[in-house]
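Report on the structure given below.
The values are calculated or read from the model by the stated rules, or taken from the named source; none is laboratory data. If you're wondering where the values come from, they're calculated on a predicted model, not measured in any experiment. No Cβ is skipped: glycine too gets one built from the backbone with ideal geometry, and neighbour counts run over all protein chains shown. The protein model used for the area step is the full one, side chains on, heavy atoms only, and it has no ligands, DNA or RNA in it. Shrake-Rupley method; radii C 1.70, N 1.55, O 1.52, S 1.80 Å.
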There are 2 protein chains.
Amino acid sequence: MLKRHAANPLISPKHVQPSRPDWSVIGTFNAGACTYNDEILLLLRVAEKPLSTDESIILCPYFVDGELVIDRVRRDDPDWLTDDPRLVQNKKTGLLRLTSISHLRLARSTDGIHFTVEATLWLSATDPFEAYGIEDGRITRIGDTYYVNYTAVSTYGVATSLVSTTDFVNIDRHGIIFPPSNRDVTIFPQQVNGKYVCYHRPMPQFGGLHMWYADSPDLKHWGNHKPIVTSSHVDWMSARVGGGAPPILTDAGWLSIYHAADTEDRYCLGAFIADKDDPSKLVAIDSEPIFIPEASYETEGFFSQVVFTCGVVEREGELLVYYGTSDEHTALATIGVDELVSHLMKS
Amino acid sequence: MLKRHAANPLISPKHVQPSRPDWSVIGTFNAGACTYNDEILLLLRVAEKPLSTDESIILCPYFVDGELVIDRVRRDDPDWLTDDPRLVQNKKTGLLRLTSISHLRLARSTDGIHFTVEATLWLSATDPFEAYGIEDGRITRIGDTYYVNYTAVSTYGVATSLVSTTDFVNIDRHGIIFPPSNRDVTIFPQQVNGKYVCYHRPMPQFGGLHMWYADSPDLKHWGNHKPIVTSSHVDWMSARVGGGAPPILTDAGWLSIYHAADTEDRYCLGAFIADKDDPSKLVAIDSEPIFIPEASYETEGFFSQVVFTCGVVEREGELLVYYGTSDEHTALATIGVDELVSHLMKS
């Protein structure tokens with residue numbers, strides 16, 4: 001249903017300067033998005049890896065006490081699973097290492113299409129819970145404060161942490177808000193019935209990968225956990241579902257664009273509307289995806305067959321859906337708010 | 001260091017009436033404990049399974065919409081992992097089923113040694129998050145209210161839920177306080193610096209199984225998550241650590257008796273003291289276990305080599321450590337508060 005922008009992909013690794021001369025940028029994707037003054041801002045996830053000429057060796061960068069360490073795993077080492085381009089895993093110990101390390105980088109635009117990516121890092125790994133990097137920032141404006149939650153990855157697991165800013169220069173850190181394993185947290189832009197609200201995605205051992213509701217008195221302590229959208233036998237969402245962009249208030253209720261993946265790791269976007277006064281309750285959901293990987297920059301790339309959004313901006317009745325493609329590029333697709341809402345209310 | 005009681009084990013499956021005539025009780029263990037009026041109360045985890053005469057078939061009971069369903073898995077079915085007596089798991093889909101289903105049962109005693117186990121169920125599965133049963137209740141008295149947190153098990157994963165009572169007859173339900181996978185939650189018996197406090201044990205995919213600190217304004221919303229005791233290369237705690245009994249305030253700080261397991265699934269008890277005013281900070285910890293499986297009822301049984309506590313009662317300067325043995329019996333071991341504290345402060 002979404003309409004791809006002709007300028008896609010908007011941002012690619014070649015547009016972004018690496019943080020060190022001996023690194024290369026391999027992904028500029030899964031951006032949080034917001035309006036700030038007269039600009040549209042993106043917080044890009046920038047994935048980098050050490051430069052290497054030896055294809056037979058997989059390099060795995062991570063931080064120990066602030067120092068960079070690079071493990072070397074032979075691609076044909078029988079002790080390691082090396083098929084997933086994103087990671088390697090030791091078959092005996094279960095130890096997992098990533099093949100890249102991510103940080104968040106600010107990109108600015110006046111038209112929402114042409115972005116200038118800053119050379120400096122906006123947010124990067126600083127504590128042991130971020131030893132493997134930080135990923136997938138999502139921006140929620142509440143009053144004059146912009147809250148950014150992101151995925152902190154380490155041997156502690158995959159957790160969700162929170163920072164905030166009022167000027168995108170000074171950053172306040174609020175620590176881990178969802179302990180591991182939990183990611184894909186989307187915080188609502190206003191309180192509902194006196195409580196802050198979010199959706200989150202626990203990743204249980206031996207359990208389904210579903211989207212859950214939670215609420216909070218202060219954005220830091222979360223409770224009242226309830227599943228809202230569950231992965232199912234419907235094939236496009238058979239493996240997992242999780243939050244996309246922070247929800248948007250419409251006349252029909254809270255509109256969410258979320259992601260789902262099948263057992264082949266094809267990621268699509270879906271949409272639903274939740275009750276205006278109780279967002280733990282579904283009002284309408286499309287059983288079909290609203291957007292699937294079809295363009296070449298979505299079907300090919302670092303991790304192919306992926307469209308994945310962390311940020312949607314509403315402008316003059318239109319939704320600007322910024323989305324990552326194949327864990328590599330940032331692209332834009334659009335749809336009218338009324339068109340999407342009326343489609344969902346009919347479903 | 002702990003002294004086993006001569007009457008051990010205090011409670012065994014044969015002492016407990018099954019909830020249905022066609023079931024047998026296979027475990028009475030991992031009891032929460034408290035004093036109430038002049039009695040010591042235990043909330044026993046009672047594990048049951050359907051009666052069966054066919055050893056070649058493993059029966060897996062669970063609830064669907066309140067109705068009991070029993071799956072049958074052939075012990076030699078090559079599609080299933082059947083080595084763990086507690087569960088089976090499908091090799092292809094990852095689907096996990098338990099071989100028993102647990103509820104909580106109240107046991108009363110005036111001397112702390114001889115217990116009368118009630119015939120009625122105190123708390124049993126009631127919602128989809130408890131489809132595989134409820135396990136490991138822990139009791140914390142705060143003011144005149146007794147809070148009981150427990151493990152809710154289902155295809156949603158392993159979560160922690162909370163109920164409360166003032167009379168052990170009427171029960172208020174407060175829902176899930178830690179989404180999956182999280183268990184071994186120990187709630188402190190009073191606020192610290194104006195906040196409720198607990199330890200919890202997230203079970204991340206691809207991450208270590210550590211004990212974490214969290215605090216809360218209301219016992220329902222939890223945040224400020226920080227690891228406090230991490231599983232390590234020390235062999236007795238190499239696989240996982242997690243909360244045992246709710247912490248006890250001493251002059252030296254908050255005393256916790258916790259559990260740890262090695263990669264062979266041998267469960268021991270350890271102890272530490274945390275800061276009186278900030279229980280996210282360790283004051284003293286013994287690098288060795290304070291209690292290891294040695295008695296025959298600890299080294300043999302349904303799941304052997306396990307000592308595991310959910311409840312400790314302080315009485316006249318002595319700690320009564322009620323503990324589960326081999327996922328089968330409830331036993332008692334004791335130690336003086338001063339003896340344990342001075343041992344830890346020297347370590």
ask   = What are the residues whose amide H is under 5 Å from the amide H of B:Ile171, where those residues sit 5 or more places off or on another chain and H is modelled from the backbone?
value = none
message = Suppose every Lys and Arg Cβ carries +1 and every Asp and Glu Cβ carries -1, with no other charges. What dipole size does the stretch A:3-345 come out with about its Cα centre, to the nearest 20 debye?
response = 560
Straight-distance crosslink candidates among lysines, where the alpha carbon sits under 27 Å from A:Lys92 and sequence neighbours closer than 8 are dropped = A:Lys49, B:Lys91, B:Lys92
message = Give me a comma-separated list of calculated 3J(HN,Hα) values for the stretch A:42-58, in order, Karplus coefficients 6.51, -1.76, 1.60 applied at θ = phi - 60°, integers in Hz, x for any Gly or Pro.
response = 10, 9, 6, 7, 10, 9, 10, 9, x, 4, 7, 10, 9, 5, 7, 10, 9
ask   = Amide H neighbours of B:Ile139 under 5 Å, counting only residues 5+ apart in sequence or on other chains, H built in-plane at 1.01 Å?
value = B:Ala33
key: Rounded, prolate or oblate (a/c below 1.5 giving rounded, otherwise prolate when a/b exceeds b/c) for the stretch A:68-203 by Cα gyration tensor   = prolate
ask   = Dipole of the stretch B:3-345 (Lys/Arg Cβ +1, Asp/Glu Cβ -1, origin at the Cα centre): which of B:Leu59, B:Pro247, B:Trp236 lies farthest to the positive side?
value = B:Leu59
Protein accessible area in the stretch B:3-345, 1.4 Å probe - carbon and sulfur % = 47
key: For the stretch B:23-32, Karplus couplings with θ = phi - 60° (6.51, -1.76, 1.60), whole Hz, Gly/Pro x   = 10, 10, 7, 10, x, 9, 8, 6, 8, x
query = Taking Cα atoms, how many degrees apart are the long axis of helix B:337-346 and the longest axis of chain B, rounded to 10 and kept between 0 and 90?
reply = 80
inquiry  = Per residue of the stretch A:202-217, what does 6.51 cos²θ - 1.76 cosθ + 1.60 with θ = phi - 60° give for ³J(HN,Hα)? Whole Hz please, x for Gly and Pro, Karplus curve as stated.
reply    = x, 10, x, 5, 6, x, x, 9, 10, 8, 10, 8, 8, 9, 7, x
request  = Could you give log10 I(q)/I(0) at q = 0.11 Å⁻¹ for the stretch A:1-141, computed by the Debye formula over C-alpha point scatterers of equal weight, without solvent?
outcome  = -0.48
key: Residue-averaged 222 nm ellipticity for chain A, from DSSP H runs of 4+ at -39500 (n - 2.57), nearest 500   = -1000 deg cm²/dmol
note = Measuring from its Cα centre, the protein assembly as shown shows a charge dipole (+1 at each Lys and Arg Cβ, -1 at each Asp and Glu Cβ) which, in debye to the nearest 20, is 40
remark   = Once amide hydrogens are built 1.01 Å from N within the peptide plane, the residues lying 5 or more places from B:Ile290 or on another chain with amide H under 5 Å from its amide H are B:Leu269, B:Gly270, B:Ala271
key: the stretch B:3-345 - Rg over Rh from alpha carbon coordinates, Kirkwood radius   = 0.94
inquiry  = Along each principal axis of its Cα atoms, how long is the protein assembly as shown end to end? Whole angstroms, biggest number first, please.
reply    = 79, 55, 52
